[in-house]
There are 2 protein chains.
Amino acid sequence: MASEMLNIRQVKVNDPFWNSRIDLVIDHVIPYQWRVLNDQEEDAEPSHAIRNFEIAAGLAQGEFQGYQFQDSDLAKWIEGASYSLLYRDDPELRKNLRDVIGLIGKAQQPDGYLDTHYIVKKPDKKWQELAHGHELYCAGHMLEAAAAYQLATGDDSLMRIMDRLVDLIRSKFGKGPGQIDAYPGHEEIELALMKAYRLTGKEKYRDLAEYFILNRGSKPGFFNDPRFIELAKADKALDASYYQAHKPAVEQDSAEGHAVRAMYFFTGMSDVAAATGNEALKEALKKLWRSVTERRMYVTGGVGSQGNGERFTIDYDLPNDTCYTETCAAIGLAMWSLRMLALEPRAEYADILEKALYNNVLSGISQDGEHYFYVNPLMLKPDVARFRVDHESVEPSRVKWFPCACCPPNVARTLTGLGQYLYTRSGRRIYQHLYIGNETALGDIRLSCRSSMPWAGEAEITVSAAEPFEMALRVPGYAKDFRTRINGQAAAPNMENGYAVLALRDGDRVEVRFDMPPQVLAANPRVTEDCGRACVVRGPLVYCAEETDNGPLLQDFRLNPAAGIETAQSDLFGGIRTLLVHGTRTADDGDNRLYRPYGEVTRTKADLLLIPYYLWNNRGEGEMTVWMNVKGD
Amino acid sequence: MASEMLNIRQVKVNDPFWNSRIDLVIDHVIPYQWRVLNDQEEDAEPSHAIRNFEIAAGLAQGEFQGYQFQDSDLAKWIEGASYSLLYRDDPELRKNLRDVIGLIGKAQQPDGYLDTHYIVKKPDKKWQELAHGHELYCAGHMLEAAAAYQLATGDDSLMRIMDRLVDLIRSKFGKGPGQIDAYPGHEEIELALMKAYRLTGKEKYRDLAEYFILNRGSKPGFFNDPRFIELAKADKALDASYYQAHKPAVEQDSAEGHAVRAMYFFTGMSDVAAATGNEALKEALKKLWRSVTERRMYVTGGVGSQGNGERFTIDYDLPNDTCYTETCAAIGLAMWSLRMLALEPRAEYADILEKALYNNVLSGISQDGEHYFYVNPLMLKPDVARFRVDHESVEPSRVKWFPCACCPPNVARTLTGLGQYLYTRSGRRIYQHLYIGNETALGDIRLSCRSSMPWAGEAEITVSAAEPFEMALRVPGYAKDFRTRINGQAAAPNMENGYAVLALRDGDRVEVRFDMPPQVLAANPRVTEDCGRACVVRGPLVYCAEETDNGPLLQDFRLNPAAGIETAQSDLFGGIRTLLVHGTRTADDGDNRLYRPYGEVTRTKADLLLIPYYLWNNRGEGEMTVWMNVKGD
């Protein structure tokens, strides 16, 4: 049974944990990024993104600067800024959005073409560098921005611009005579077209998305066409799997290549499968889901094991210190998880959605909102990360703004757009996937939810509705003793695929309670780097140890999994739950030999204070580890 | 108190363990390499080394092919082949040596210049590409070959050729007017000059070596001279430390940069320190020794933690799977250790010499003598090594002959030249550093040694001597209950710096006995990759586990250090001692979850069969590990 995604107008997050992040984005990140995009932020690299549009529009002189996908930074910002208006109206922001959309319209060419890199720098190369040119990727992000802006403001001016571009793309790409029969090197437009389809109902969007999805990996594709591989030649060792083009979508059964590309592809593929009822795509998606979540995903929801190619590698290859685990890839995993829930509401998909959001996505942004991780390792030794060439993609600390700035605006739009991830619906059944406080309006059904997550398994949902309806409440995979009450009385829900289904009516008050004791996890023994090790989670949060709390040589600690874990309320970061774990460390006996008889080493009792992984590196640079060596059998 | 190195004529190895390797080199490796050097071996890449000399001599037409240091392959072969004549005279080999030396003489230019790369390919670039041109490196290897050939045959024809080249180098390099004031990018000539000095007594060799050693790292050196950095520009991120040129030799206190370069440098530096009595060099060497052996060396005697730059990295950075640990670097460590023994006989230097020889050097060559490891990792997962870019320098199996073929002939010359490493002498005191069977003649003193090493701590030395003398017998660091007997009577030696000193006279029969039970070792807790782990050694041999004996997922095993280790005589490899260790493995309960509660994992008792590390990868490709996770505190 499928369910439908909701749109951002329908769900407004109202949650102490998440609104502190959303407020940060609204108060600091969106204004900061606006200054960066306008080259007005002194502490950051000039983005040149808006300048590129001014040059393309003939309003300024100069050269295109930045990456070929620089336009997408502005697009993601528009998306995030639009969502923010739903939380806090801001006339100045509305004006900035109107103005910049006006600028985008002026940069659009008479035939509808819109990509400043090619307009300004390579006008004779349009649609010729599909592998790495990112024209369709930028078009996708601008289409997402258009949908967001229209949803938030009712103004379809950007959507009309993008509609003209989509028509141009439809005329250029396809299997007809004179058309380019290909697909983009970096997926994104597929999921954006499906968003536009859901918003407007125009089938041309869905059909173009379906064409790109089903055409991918076909032969002859652009990898066989010398016209389209120009930029790809500049990169080393890029095979078709890098672009998920090694096989047609319906035949794929393992997640390959560039992790962000793969996540965006699977997201669009799920959208198309849902909209077209393509069972073969759906079966492939289930295999791909298992490939990622059962063999190629970090416990933090991170994906992409290798910096070189920013890619998936092989099954169970999950190094903790040299991983890529890009913030954007975890955002992609969250997007895909939501689509899998739409295809088939199963709590296991929501477990992964929640894991990605609370860990690898949130870790991408600092507590001050102005520093970002691209790469989110599960273990860091700063001196090693600085010296070793095989750690070169790992930054020991978050940095202000990346030369390739995909992650910061992606985090911003994800946080302000968080409401999209909480629910799906199937007729009069509402699936609640995440226990995040919110105010929701779905026709006659109104939900008001308060939650204590991620610190305690407590939520309360008050409903109003003209007619009875059902709520399917997710039972998290980590939840113990999950209980529901309706109006103070114990409820007896039906269990369906990990959801507790309750029949509700106007005025009902639902209470959800579950325990989530800290838990020690082991990895599959095929994960070499986690052998002999364990990590600690509590609810959706993965915990880690930092040098600032525990001193150096974190890898020397051995966790006693049987010794129990103490949970404490801490004043850190405005009030979080910390964990204290027990184990041993090498006694400092002054013996500094490089190798010595094992029996001559004394180990003494030691504890480690753990904090949620998403908070690491907010108190200076130092060692960090998620996985700890284990004491015991 | 210093001691003197012996030469290869004085010590002939006669030892069941090592002569099987030496015979392999004589019977297979030297003839095989001769065919490779002559481009006559079908299964190997054509070397073109001899062809280059023919072209340089005007006897053939064609282009130079191979690396810029291709000449050194021939030089190392000449050295190894010369030594082999001391074990087994071979008229055909003598003729090949005579002929190829004749060819080298014909390739030499009227002014004495000799380097086929520059003669044939870049005649206008002589002495201008010091960073990477390897002219002085090749000259050094050919000088070592000349010394070996003269020692083995009494024929100084190659030495006379090289003497002319050395005179040319002396005229070109120095601090005089019109001279190039520099030093080689790859050290080697320094130690070779000192070998020639010891053989001939000509002070010009020593003086040139001293100049290069003391000049290194001086400013302005060739790194500041645009004339000399041409080839270096082609490489990325090479700073002065890559060439050990970041500081003058006397100021260096940590081993930096390219590991082979560093080892050859420290070897030549030790030779110069011994010959010139330079105390500042000696103090620097002691610091460098501690830097390597206390902070930057693998338990196998491997050095060079990173493939990129084939180099040392930072203290305690010793990854087991992505290390470089080049065979040539371990040979270099053995060479340096011997020089440290000459500077000051201390058993700790001999412990490292022995460790390097029995582990990282021997692992470089297959049991069939025709396959070689360049890189000697301490852990391998073949699928990971094949896929991951950060493992690209690791070969999952030995290969026949490298495009850059430094290691194979280096192993050959080291094995046939092994006699040089057994003893040093100080007047009438003979230091026995290695318990390797041999026949030795030192003036009136003759030693006949039989040994059961590395399988048992038993050696017997029969002496003849016109006058009384002393033997200083090394007490290995791993030896338990070290005992000596003279003519069947317990002896009471004086202990000096780890040596048991005995007064001997003609006809004495000395017995040495010590126990060497298998031992579990821990690494310093600063070695991240060995935290929570242990390895097993027995005497000089490091042991490892292979998939072929133990199945896959070796990292899942946890060693119980308290459970004891069983030593067994095995039929493998013609009779070796294997070890059986005890511990646990994850029970196969059919649960393939990527992460699961630690408490739901059952571990069952399991054993691992260990073989000596040097024998790994001789029975097909598979997982291997030296370090094992630990069960216990």
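Across chain B, C-alpha contacts under 8 Å between residues 6 or more apart give a mean separation that, scaled by the residue count, equals a relative contact order of 13 percent.
Where does the protein assembly as shown land on Rg(C-alpha)/(2.2 N^0.38 Å)?
Numbers: Rg = 35.1 Å, N = 1266, 2.2 N^0.38 = 33.2 Å.
Normalised Rg, Cα atoms only: 1.06.
Average accessible surface for the stretch A:423-515: 39 Å² per residue, computed with a 1.4 Å probe over protein heavy atoms with every protein chain in place.
Considering only B:492, B:531, B:575, the residue lying farthest towards the positive end of the dipole of the stretch B:485-633 is B:492, judged by Cα position with unit charges set on Cβ.
Where nothing but the Cβ of Lys and Arg (+1) and of Asp and Glu (-1) is charged, how large is the charge dipole of the stretch B:8-119 around its Cα centre, in debye to the nearest 20? Present the calculation step by step, with values, prior to reporting the outcome.
Working: 11 positive and 19 negative charges, 103 e Å.
Using only the charged Cβ atoms, the result is roughly 500 debye.
Per residue of peptide B:313-319, the mean number of Cβ atoms on other chains within 10 Å of the residue Cβ is 4.
Converting the Cα gyration tensor eigenvalues of the stretch B:487-561 into ellipsoid dimensions via √(5λ) gives semi-axes, longest first, of 40, 17, 9 Å.
Which entries of B:480/B:605; B:175/B:204; B:247/B:282 have Cα-Cα distances beyond 20 Å here? As for pairs spanning more than 20 Å Cα to Cα, those are B:480/B:605. Here's the picture: charge each Lys and Arg Cβ at +1 and each Asp and Glu Cβ at -1 in chain A, and of A:136, A:427, A:352 the one pushed furthest to the positive end of that dipole is A:427. Computing Rg and the Kirkwood Rh from the Cα coordinates of the stretch A:274-353 gives a ratio, Rg/Rh, of 1.00. Between the chain alone and the structure with every protein chain in place, find the residues of the stretch A:577-602 that drop at least 50 Å² of accessible area; heavy atoms, 1.4 Å probe. Residues passing the criterion (a loss of at least 50 Å², heavy atoms only) are A:592, A:594, A:595, A:598. The mean sequence distance of close C-alpha pairs (under 8 Å, at least 6 residues apart), as a share of the length of the stretch B:97-172, puts its relative contact order at 35 percent. Ignoring lysines fewer than eight residues from residue A:95 along the same chain, the ones with Cα atoms less than 19 angstrom from its Cα are A:76, A:106. Label-point spacing at residue A:575 relative to the other copies reads 7.8 nm, in ascending order, each point sitting 7 Å out from Cα along Cα→Cβ. Less than 5 angstrom separates the built amide H of residue B:501 from those of B:473, B:494, B:495, B:496, all sequence-distant by 5 or more or on a different chain. Cα centroid separation, the stretch A:454-532 to the stretch B:383-455: 66 Å.
Accessible area per residue for the stretch B:526-630 is 34 Å², calculated with a 1.4 Å probe on protein heavy atoms, without ligands, DNA or RNA. Computed from phi, the 3J(HN,Hα) profile of the stretch A:597-605 under the Karplus parametrisation 6.51, -1.76, 1.60 (θ = phi - 60°) reads x, 4, x, 8, 8, 9, 10, 10, 5 Hz, with x in place of Gly and Pro.
For the stretch A:530-544, a decrease in accessible area of 50 Å² or greater in the assembled protein chains relative to the isolated chain, with a 1.4 Å probe, applies to A:531. Under a model in which nothing but the beta-carbon of Lys, Arg (+1) and Asp, Glu (-1) is charged, the protein assembly as shown shows a dipole of about 360 debye around its Cα centre. Amide H contacts of residue A:313 (H built 1.01 Å from N, in plane; Pro and chain starts excluded): A:305 sit under 5 Å, all sequence-distant by 5 or more or on other chains.
Over all Cα atoms in the stretch B:526-630, the spread is summed up by Rg and Dmax: 14.6, 46 Å. Taken residue by residue and averaged, Cβ atoms of other chains lying within 10 Å of the Cβ of B:386-394 number 4. Each chain gives up part of its surface: A and B jointly bury about 5100 Å² of accessible area, both sides summed, for a 1.4 Å probe. Nearest to the axis that brings chain B onto chain A is this chain B residue, judged by its Cβ, with the distance in whole Å: B:390, 2. The residues of the stretch A:122-207 have, on average, 32 Å² of accessible surface per residue, using a 1.4 Å probe with all protein chains present.
Each listed q (0.15, 0.22 Å⁻¹) maps to a log10 I(q)/I(0) for the stretch A:23-87, found by the Debye formula over equal Cα scatterers with no solvent: -0.48, -0.92. Across the stretch B:143-196, Cα pairs under 8 Å and at least six residues apart give a relative contact order of 35 percent.
For the stretch A:423-515, the alpha carbon positions stretch 33, 25, 23 Å along the principal axes, listed from largest to smallest. Placing a label point 7 Å from the Cα of residue B:397 along the Cα-to-Cβ direction, the distances to the matching points in the other copies come to 4.9 nm, shortest first. What separates the residue B:277 label point from its copies, with the point 7 Å along Cα to Cβ, is 10.0 nm, written shortest first. How much of the accessible area of the protein assembly as shown, in percent, comes from carbon and sulfur atoms when a 1.4 Å probe is used? Here it works out to 45 percent. Packing around the peptides B:557-567, A:74-84, taken as the average count of other Cβ atoms within 10 Å per residue, puts them in this order, highest first: A:74-84, B:557-567. Taking every residue in A:291-299 and counting other chain Cβ atoms within 10 Å of its Cβ, the average works out to 2.
A simple rule links phi to the HN-Hα coupling: the Karplus curve 6.51 cos²θ - 1.76 cosθ + 1.60 with θ = phi - 60°, which for the stretch A:449-454 gives 10, 10, 9, 9, 6, x Hz, with x for Gly and Pro. Put simply, the amide H of residue A:431, placed in the peptide plane, has neighbours under 5 Å in A:424, A:425, A:426, A:472, leaving out anything fewer than 5 places away on its chain. Contact residues in the stretch A:490-522 (at least 50 Å² less accessible area with all protein chains than alone, 1.4 Å probe): A:522. Report the percentage of all Cα-Cα pairs in chain A whose separation exceeds 47 Å, rounded to a whole percent. Tail of the P(r) past 47 Å holds 14 percent of the pairs. Taking the inverse of the mean 1/r over every pair of distinct Cα atoms in the stretch A:444-584 gives a Kirkwood hydrodynamic radius of 17.8 Å.
Evaluated over the Cα positions of the stretch B:54-175, the convex hull gives a direction-averaged projected area, one quarter of its surface, of 7.7 nm².
Give, rounded to the nearest 20 debye, the magnitude of the charge dipole that the stretch B:534-596 has about its Cα centre when Lys and Arg contribute +1 at Cβ and Asp and Glu contribute -1 at Cβ.
Details: 6 positive and 9 negative charges, 58 e Å.
Dipole size: approximately 280 debye.
Sequentially through the stretch B:26-41, phi angles give Karplus couplings (6.51, -1.76, 1.60; θ = phi - 60°) of 5, 6, 10, 5, 5, x, 4, 5, 4, 5, 5, 4, 8, 6, 10, 9 Hz, Gly and Pro residues having no value and appearing as x.
The values are calculated or read from the model by the stated rules, or taken from the named source; none is laboratory data. Computed from a predicted model, the values in this text were never measured in an experiment. Please note: Cβ atoms are built from the backbone with ideal geometry, for glycine as well, and neighbour counts cover all protein chains shown. Note: accessible area is taken over every heavy atom of the protein model, side chains too, but ligands, DNA and RNA are not part of it. Shrake-Rupley method; radii C 1.70, N 1.55, O 1.52, S 1.80 Å.
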